[in-house]
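Notes to accompany the following structure.
Nothing in this text is a laboratory measurement; each read-out follows from the coordinates by a stated rule. The shown structure was predicted, so the numbers you read here are calculated from the model rather than taken from an experiment. Neighbour counts run over all protein chains shown; Cβ positions are idealised from the backbone, glycine included.
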Amino acid sequence: MDIIIQIIVSFFATAGIAIIFNVPRKTLLHCGLVGVIGWIIYFVLTEQGMDVVKASFFGSFVIAIVAHLYARRFKIPMIIFIVGGIIPLVPGGMAYNAMRNVVEDDYLQGLQYGLKAFLITGAIVIGLVFAEVIIQLIFRSVRSSKVKLQKVYKK
């Protein structure tokens with residue numbers, strides 16, 4: 001039951017951000033699905049005992065791959081899917097707790113929350129970049145193999 005609630009909430013959070021950013025209406029459902037996919041990966045991995053930083057990396061990695069595929073399908077920039085998709089992964093509550101603890105003069109706890117939020121944010125960015133690099137390498141190798149096949153058939 002808990003995973004169903006996670007799916008519903010992550011879909012509406014992602015779709016809500018997508019509405020705020022004025023994504024095309026035909027892609028609104030897909031933007032929500034990108035967020036759900038990334039959040040479910042994060043949720044399942046953290047439930048299995050994986051650290052939130054690593055789970056954020058894998059969640060954002062899959063978000064970027066799915067966003068890239070949807071961008072090719074709809075012929076629109078992939079940023080439309082990524083911005084909404086990473087919203088459930090962003091450690092906003094942790095950053096809030098860091099600032100709250102600093103204001104309350106609990107600097108050590110604030111530093112711990114701040115560093116964890118920084119690590120999660122870095123993991124999200126690295127996951128997005130790694131996915132982009134891997135997708136580009138795959139498409140480059142596919143294109144080069146097509147060119148080689150065309151040269152063979154021309155002979």
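When the Cα convex hull of the stretch 65-107 is projected onto planes of every orientation, the mean area is 3.6 nm². What FRET efficiency comes out for Phe12 versus Arg100 if R0 is 25 angstrom and r is the Cβ-Cβ distance? Round to the nearest 0.05. For R0 = 25 Å, the calculated efficiency reads 0.45.
Working value for the stretch 19-137: equivalent-ellipsoid semi-axes of 29, 16, 12 Å, each the square root of 5 times a Cα gyration tensor eigenvalue, largest first.
Relative contact order of the stretch 18-88, taken over Cα pairs closer than 8 Å and 6 or more residues apart, is 42 percent. Adding -39500 (n - 2.57) for every DSSP H run of four residues or longer, then dividing by how many residues the chain holds, sets the calculated 222 nm ellipticity at -29000 deg cm²/dmol.
Restricting to lysine pairs 8 or more places apart or on different chains, what number in the chain have Cα atoms under 16 Å apart?
4
For Val125 and Gln112, the difference between the fully extended length at 0.36 nm per residue and the C-alpha to C-alpha distance is 2.7 nm.
Membrane-span-like helices in the chain, defined here as complete DSSP H runs extending at least 30 Å along the helix axis by their C-alpha atoms with mean Kyte-Doolittle hydropathy no lower than 1.0, are 52-74; this is a sequence and geometry rule, not a statement about a membrane.
Note on Leu29 and Ile4: the model spin-label points, each 7 Å out from Cα along the C-beta direction, lie 2.1 nm apart.
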